[in-house]
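Heads up: the structure comes next, in structure tokens.
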Amino acid sequence: MNIENIREGGFLITKIQQLSQRILAKMLKENDIHDISAAQGRVLFPLWIEDDISFQDLKKKTLLSKATLSYMLDQLEEASQIKRIRSNDDKRIINIKLTKMDEDLKRKFFQVSNQMKNIFYKDFTEQEIDDFEEYLEKVLENLTNYRDKNKSAKV
């Protein structure tokens, strides 16, 4: 393989993710958000958008593994942030519902999320943001398709 042909997209995405997680954790602390971690926010955020969704839907929205999501939900349930409810129609389906809707926590988290967006997209035009997110969606789709075709490989 020729060194000039190496692309760095995956490496850059990993570096961006690591740095943004550190910045987000710092911002949560600075905004007195101690009730939830950045990782838990990844689970709560989709529930703040659409409450009372199935475990499977939440798994798809977060792209977390079943084990990781279960662990996170255990922590959030222990903190009385969410409640697991079995469906009356199909006992195999478990819905995740927010309990006490702490509006102040939600507002602060969305505020921090907006600050992160402003840092992330500083000096981008709206068109550049649209193009960038479209490219990221393509990468995500490629990875998802690969995972789905290689399920037996435990990706």
| remark: Output for Cβ contacts, cut-off 8 Å, separation at least six or different chains, first residue surrounded by 11 or more Cβ atoms within 10 Å (Cβ to Cβ) in the range 124-152, second modelled with pLDDT under 90 and not aromatic (Phe, Trp, Tyr), reads TYR146/VAL155; ARG147/VAL155
| task | Being in contact (Cβ under 8 Å) with a residue 12 or more places away in the chain and closer than 14 Å to SER37 by Cα is the filter; apply it to the range 70-83 and report the residue that is nearest to the chain's Cα centre (by Cα). | result | MET72
| request: From LYS59, LYS91, grab the single residue that is modelled with pLDDT of 90 or more and either closer than 30 Å to PHE132 by Cβ or of a type in the set (Lys, Arg) (or both). | output: LYS59
| field | Qualifying residues in the range 38-76 (those that are of a type in the set (Val, Ile, Thr) and touching a strand residue (DSSP E or B) at 6+ places or on another chain (Cβ under 9 Å)) - the one farthest from ILE96 (Cα to Cα) | value | VAL43
| Which condition does TYR71 not pass, out of (1) at pLDDT 90 or above; (2) under 20 Å from LYS106 (Cα atoms), if it passes all the others? | (2)
| message | Looking for something more than 14 Å from the chain's Cα centre (by Cα) and not aliphatic (A, V, I, L, M) - is there at least one such residue anywhere in the range 36-44? | response | no
| query | Do any residues in the range 14-35 that are closer than 19 Å to ALA79 by Cα have Cβ atoms under 8 Å from those of residues that are among the β-branched types (Val, Ile, Thr) and outside any helix (DSSP H, G or I), where the two are at least six apart or on different chains, and which pairs are they? | reply | LEU28/ILE36
| message | Please go through (1) in contact with a Phe, Trp or Tyr (Cβ under 9 Å, 6 or more places away or on another chain); (2) farther than 30 Å from LYS122 by Cβ for ARG86 and return the number of the only condition it doesn't satisfy. | response | (1)
| Just to be sure, is VAL112 among the aliphatic types (A, V, I, L, M), modelled with pLDDT of 90 or more and over 18 Å from GLN40 (Cβ atoms)? | no
| query | If you go through the range 22-37 one residue at a time, do you hit one that is touching a strand residue (DSSP E or B) at 6+ places or on another chain (Cβ under 9 Å) and in a helix (DSSP H, G or I)? | reply | no
| task | Please enumerate the residues belonging to the range 56-65 that are of a type outside the set (Ser, Thr, Tyr) and within 14 Å of the chain's Cα centre (by Cα). | result | ASP57, LEU58, LYS59, LYS60, LYS61, LEU63, LEU64
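The values are calculated or read from the model by the stated rules, or taken from the named source; none is laboratory data. For clarity, every value in this text was computed on a predicted model and none was experimentally measured. Note: ideal-geometry Cβ built from the backbone for every residue, glycine included; neighbour counts use all protein chains shown.
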